[in-house]
Amino acid sequence: MPALRRPLVPAALFTLPLVAALFAATAAPAGAATPPGPRPTPSLTCRGAGVDPAARVRHRAEILIDAPLRTIWKLQTDVERWPSWQAPVTTAERLDHGPLRPGSAFRWTTPVPPNPTPATSLEITSTVEQLRRDSCIRWTGPATGEGLHIDGVHVWNFTQTPRGVRVTTEETHTGPQVDADVPTATALLRQGLESWLADLKTTAESAAGRRSPDANP
């Protein structure tokens, strides 16, 4: 579950494309064929498990990072240091010890922008369900605030390429409040994931840039 940065996007902004689409469909000639759309991209997985297939709120994002994979992996899995490089993460604590592994749990908090509930922050308890070192992580867990409950599933993939490490993430949310306004909830999820990736890229590339040429690998 990503941290959120900017104020809530008004739901009215999302009604315009929907109205336009409905109008276009009504104005189409009777019997007009609908061209086939692109095939949906398969969901990300980690050890064969992916996001919630029934969730209506979902987003997928990726970024290319010019830094060693081990640096990126360390930043992502050293949960208790998240607040040092992600401003929206206000607290983070491990509920177990040792390297992050299947069964590991952690609790973290993040503020939420103005919304229809009284919640001003979320407390998220995440449990690692699947993990393959330097390759993928999948965690699940609830995020709760005053009058707000979200169940999230979050998958991360890390792929070494000739140009750097491609980090791809996909997350789904379910819950009464997000299901009541899917476009706005999806916009906020997209904003959070893309901000997380941007912070990860900035921090990892900065760390890589500080290494001296003769440093040990």
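The values are calculated or read from the model by the stated rules, or taken from the named source; none is laboratory data. If you're wondering where the values come from, they're calculated on a predicted model, not measured in any experiment. Glycine also receives a Cβ, built like all others from the backbone with ideal geometry; neighbour counts cover every protein chain displayed. These accessible areas exclude ligands, DNA and RNA; they are computed on the full protein's heavy atoms, side chains included. Shrake-Rupley method; radii C 1.70, N 1.55, O 1.52, S 1.80 Å.
For the range 127-142, a tally of residues being in contact with a Leu (Cβ under 6 Å, 6 or more places away or on another chain) and either over 18 Å from LEU44 (Cα atoms) or surrounded by fewer than 18 Cβ atoms within 10 Å (Cβ to Cβ) (or both) returns 1. Open to solvent by less than 30 Å² (accessible area, probe 1.4 Å), assigned to a loop (DSSP other than H, G, I, E, B) and touching a residue at least 24 places away in the same chain (Cβ under 8 Å) - does that describe any residue in the range 117-126? So far as the range 117-126 goes, yes, one or more of its residues are open to solvent by less than 30 Å² (accessible area, probe 1.4 Å), assigned to a loop (DSSP other than H, G, I, E, B) and touching a residue at least 24 places away in the same chain (Cβ under 8 Å). Do you know which residues across the range 165-180 are under 16 Å from the mean Cα position of the chain (by Cα) and not basic (Lys, Arg)? Once the filter is applied, which keeps residues that are under 16 Å from the mean Cα position of the chain (by Cα) and not basic (Lys, Arg), the range 165-180 yields VAL167, THR168, THR169, GLU170, GLU171, THR172, HIS173, THR174, VAL178.
Going through (1) open to solvent by 60 Å² or more (accessible area, probe 1.4 Å); (2) free of Cβ contacts under 8 Å to residues at least 12 places away in the same chain one by one, GLU146 falls short only on (2). Inspect all residues belonging to the range 128-142 and state whether any of them is farther than 18 Å from PHE106 by Cα, modelled with pLDDT of 95 or more and among the β-branched types (Val, Ile, Thr). Within the range 128-142, none of the residues are farther than 18 Å from PHE106 by Cα, modelled with pLDDT of 95 or more and among the β-branched types (Val, Ile, Thr). Just checking, does the range 184-191 include any residue being surrounded by 15 or more Cβ atoms within 10 Å (Cβ to Cβ), on the phi > 0 side of the Ramachandran plot and in contact with a strand residue (DSSP E or B) (Cβ under 8 Å, 6 or more places away or on another chain)? So far as the range 184-191 goes, no, none of its residues is surrounded by 15 or more Cβ atoms within 10 Å (Cβ to Cβ), on the phi > 0 side of the Ramachandran plot and in contact with a strand residue (DSSP E or B) (Cβ under 8 Å, 6 or more places away or on another chain).
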